[in-house]
Amino acid sequence: MPKKLVTKVEGLNGEIAIPGDKSISHRSIMFGSIADGKTVVTNFLLGEDCLSTIDCFKKMGVMIERQEEKVIIHGNGFEGLNEPSEILDVGNSGTTIRLLLGILAARPFHSVLIGDQSIGKRPMTRVTKPLQLFGAAINGRKNGEFTPLSIKGGNLKGIEYELPVASAQVKSSLLFAGLQASGTTTVIEPVKTRDHTERMIKQFGGEVEKTGTAIRIKGGQKLTGTSIHVPGDISSAAFFLVAGAIVPGSEIKLTNVGLNPTRTGIIDIMKEMGAKITIKQLTEDEFEPRGDIVIQSSALKGMTIAGEIIPKLIDEIPIIALLATQAEGVTVIKDAHELKVKETNRIDTVVAELTKLGATIEATEDGMIIYGKTELIGGTVSSHGDHRIGMMLSVAATLCKEDVYLENEEAIYVSYPTFFTHLQSLI
Ligand code: S3P
């Protein structure tokens, strides 16, 4: 049954404590599992993706306790991971499978990895190829491009590798392999991507060096359990930032939001488009900066979004497309080919679903062009099983003058289980 969404809203007002960051939550489980000793994680994201990560590490014998948003991991180093007797199922999570492959690449055992239908279509040779260069044995459907994958770890030798695509998942996977390889591993990025892995290596007592676009890591390092407070996910906050900007008469405060500069592209472009955003930085914290953000509705203008900023807002492009439908003039999004290999082909799903609601938007080879400002009407739309498409459409519905029904709303639980409760609290 499609979900009837809230429409014709006259202003969104209130305060929301944004749930934990998905990228950081995944990494906290992974590093906690390969470190020695106890790691305590607070404000962990209880979304399905992060629960898949916990499940995979439990299947390798790691003791992980959960008390609501607090997670305690009892790590025994890389050697503490055991050969799983069951298949490791990553569900919908690209981060889980790609980073896990880097960890498994040097483990002296066999494992099999699968995921859902969407994972089955996402490219994996971007990680399996460089991991094979390190010395890992990996097989999979279509020459290792797709799941199911099987991996037998080996003795790895550090490599120097230039990433063909800007991807934090690939970079992180290779850093996990590098931590276990002999010698030094160097990963060179074409464009800077989110640096949560590098920050977390340091938080767990390890060393990683950065010079320009090169990241260097020495193998054989010992990591030690620690405490991690996960900041709110800016990619989740993005839905309310845009909602607050486009629904007239709105003022929303978002608390404890992660403000890592490799993730804040959405704030930069919203300000340039005319959004009224005020930020109160809470910490300048070495680990992960965070702060409170207030957004008020305002008039907006279109712009071109391209180049080096793209990785800093790649997950926010669906909601930025909605923002652009409410901005005067044309918005062009370029250099975003990577959208095609996310949980869905997000160029196609964004264009198809926003068109159904009445937007004027066209797909291009590497992004989309949006003509604003358009009135949104209503209709039946689908998340296509993609959490970020589902949330974007739910925000779009608040502006629609006719009824809106959303198919496959359950996809939203992947990253934001309390999304609808939070949206309702602002009405
Ligand atoms: C992520 C990296 C990005 C992002 C994904 C999470 C991560 O993917 O889209 O949601 O946690 O490293 P890519 O590395 O494929 O760009």
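Of note:
- Hits in the stretch 294-329 (condition: over 20 Å from the mean Cα position of the chain (by Cα), touching a residue at least 40 places away in the same chain (Cβ under 8 Å) and open to solvent by less than 70 Å² (accessible area, probe 1.4 Å)): Val294, Ile295, Gln296, Ser297, Ser298, Leu300, Gly302, Ala324, Thr325, Gln326, Ala327, Gly329
- Residue count for the stretch 199-239 under the criterion of being part of a strand (DSSP E or B), within 16 Å of the ligand (Cβ to nearest atom) and not β-branched (Val, Ile, Thr): the result is 1.
- Matching residues in the stretch 179-198 - criterion: being within 13 Å of Ala214 (Cβ to Cβ) and away from the ligand (no atom under 16 Å from the Cβ): Thr184, Thr185, Thr186
- Among the residues of the stretch 361-379, those identified as away from the ligand (no atom under 16 Å from the Cβ) and under 29 Å from Ile119 (Cα atoms) are Ile361, Glu362, Ala363, Thr364, Glu365, Met368, Ile369, Ile370, Gly379.
- When the stretch 113-147 is filtered for residues that are more than 11 Å from Ile97 (Cβ to Cβ), aliphatic (A, V, I, L, M) and open to solvent by 30 Å² or more (accessible area, probe 1.4 Å), the ones remaining, listed by number, are Leu133, Ala137.
- Answer from Pro289, Pro261 - the residue that is buried (at least 17 other Cβ atoms within 10 Å of the Cβ) and either among the β-branched types (Val, Ile, Thr) or under 23 Å from Thr213 (Cβ atoms) (or both): Pro289
- In this entry, Gly379 passes the filter for residues that are small (Gly, Ala, Ser) and either closer than 22 Å to Leu12 by Cα or open to solvent by 10 Å² or more (accessible area, probe 1.4 Å) (or both).
- Top-ranked residue in the stretch 148-172 [being buried (at least 23 other Cβ atoms within 10 Å of the Cβ) and farther than 23 Å from Ile188 by Cα; ranked as farthest from the ligand (Cβ to nearest atom)]: Gly153
- Residue match in the stretch 108-129 (condition: closer than 29 Å to Pro190 by Cβ, basic (Lys, Arg) and part of a loop (DSSP other than H, G, I, E, B)): yes
- Selection from the stretch 46-65 of residues that are surrounded by fewer than 21 Cβ atoms within 10 Å (Cβ to Cβ) and among the acidic types (Asp, Glu): Glu48, Asp55, Glu65
- Residue in the stretch 101-112 that is within 16 Å of the ligand (Cβ to nearest atom), open to solvent by 10 Å² or more (accessible area, probe 1.4 Å) and more than 20 Å from Ala181 (Cβ to Cβ) present: no
- 1 or more residues within 16 Å of the ligand (Cβ to nearest atom) and among the hydroxyl-bearing types (Ser, Thr, Tyr): qualifying helices (runs of 4 or more DSSP H) within the stretch 274-360: 346-357
- Count of residues meeting criterion [away from the ligand (no atom under 15 Å from the Cβ) and assigned to a loop (DSSP other than H, G, I, E, B)] in the stretch 70-100: 8
- Close Cβ contacts (under 6 Å, 6 or more residues apart or on different chains) running from residues in the stretch 232-250 that are more than 18 Å from Asp386 (Cβ to Cβ) to residues that are at pLDDT 95 or above and in a helix (DSSP H, G or I) comprise Ala243/Val395; Ser250/Gly244.
The values are calculated or read from the model by the stated rules, or taken from the named source; none is laboratory data. Remember, it's a predicted structure, so these values are computed and weren't measured experimentally. Virtual Cβ from ideal backbone geometry, glycine too; neighbours counted across all protein chains shown. The area values use the complete protein model at the heavy-atom level, side chains included, leaving out ligands, DNA and RNA. Shrake-Rupley method; radii C 1.70, N 1.55, O 1.52, S 1.80 Å.
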